[in-house]
Amino acid sequence: MERTSLKTWRIAVLTSGAGRGSNLQALYDYFKKHSLPVEIAFATASNKNAPVVQLCDKLNIPCYILAPRKDKDFENRLLELCQQEKIDLIALAGFMNLLSSSFLEKVGIPVLNIHPALLPKYGGKMMYGMNVHKAVFESGDKVSGVTVHLVDNQYDNGPIIAQIKVDISDCKSPEEIAAKVLEMEHQIYAPAIYKFLNER
Ligand code: GAR
């Protein structure tokens, strides 16, 4: 990706209705703390009561309500926003829907996702949030982790750009796994995005 020395990367963060927005907060904090030229130009949530709406208000990030399941024009609206706002990269953070290949082609910028497990294990439809951690817990795995990957038109499927393991041998419940993995999510997503933007 071409970049002049003064350019600030502009990213959009897509979340869902139920998302806490903790990854959005972690991205914001990391770019700010390290004075990196990355701006979260806007976020989306799928309903106006999503916790992330209040969070965006606090952080002064425009938040648009775009509901992939209810709004059949969702992708066109998102495309328009990305073009208007000159977005360089879309980061999914708790966004639980598929994006079509036609959207991905038209938008023409990378879309990254963070997934709370070691893909390709525990990925696919319905494998999100606590569903993932319950499946990991029930499997008896002693190691889980975090994956950041490029998004294609299938769930949790695109090329992996960062992956880190988390020792869960001491976790006694899916909730304990979730907490440990989330802590690692907060550490790796922002640097992975920044590295990706700069290396392209
Ligand atoms: C995160 O754990 C993220 O990895 C997961 O949703 C959570 C959102 O939390 N995403 C998926 O499961 C995608 N398949 P947050 O709203 O606190 O960032």
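Scan region 73-108 for residues that are open to solvent by 30 Å² or more (accessible area, probe 1.4 Å), not in a helix (DSSP H, G or I) and not polar (S, T, N, Q) and the total you get is 6. Would you be able to say whether some residue in region 7-25 is more than 18 Å from residue 114 (Cβ to Cβ), touching a helix residue (DSSP H, G or I) at 6+ places or on another chain (Cβ under 7 Å) and part of a loop (DSSP other than H, G, I, E, B)? No, that holds for no residue. Residues being more than 12 Å from the ligand (Cβ to nearest atom), at pLDDT below 95 and either in a helix (DSSP H, G or I) or on the phi > 0 side of the Ramachandran plot (or both) are entirely absent from region 114-136. Among (1) farther than 25 Å from residue 128 by Cβ; (2) modelled with pLDDT of 95 or more; (3) open to solvent by 50 Å² or more (accessible area, probe 1.4 Å), which single condition is residue 29 missing? So residue 29 meets the others, but not (1).
Before we move on, is residue 145 without any contact (Cβ under 8 Å) to a residue 40 or more places away in the chain, within 13 Å of the ligand (Cβ to nearest atom) and either touching a strand residue (DSSP E or B) at 6+ places or on another chain (Cβ under 8 Å) or open to solvent by 40 Å² or more (accessible area, probe 1.4 Å) (or both)? Yes. Each residue in region 137-165 was checked for being among the aliphatic types (A, V, I, L, M), outside any loop (DSSP other than H, G, I, E, B) and out of contact with any Asp or Glu (no Cβ under 8 Å at 6 or more places or on another chain), and 6 pass.
The values are calculated or read from the model by the stated rules, or taken from the named source; none is laboratory data. Being a predicted model, the structure only gives us computed values, none of them experimental. Neighbour counts are summed over all protein chains in view; Cβ atoms, including those assigned to glycine, are modelled from backbone coordinates with ideal geometry. Note: accessible area is taken over every heavy atom of the protein model, side chains too, but ligands, DNA and RNA are not part of it. Shrake-Rupley method; radii C 1.70, N 1.55, O 1.52, S 1.80 Å.
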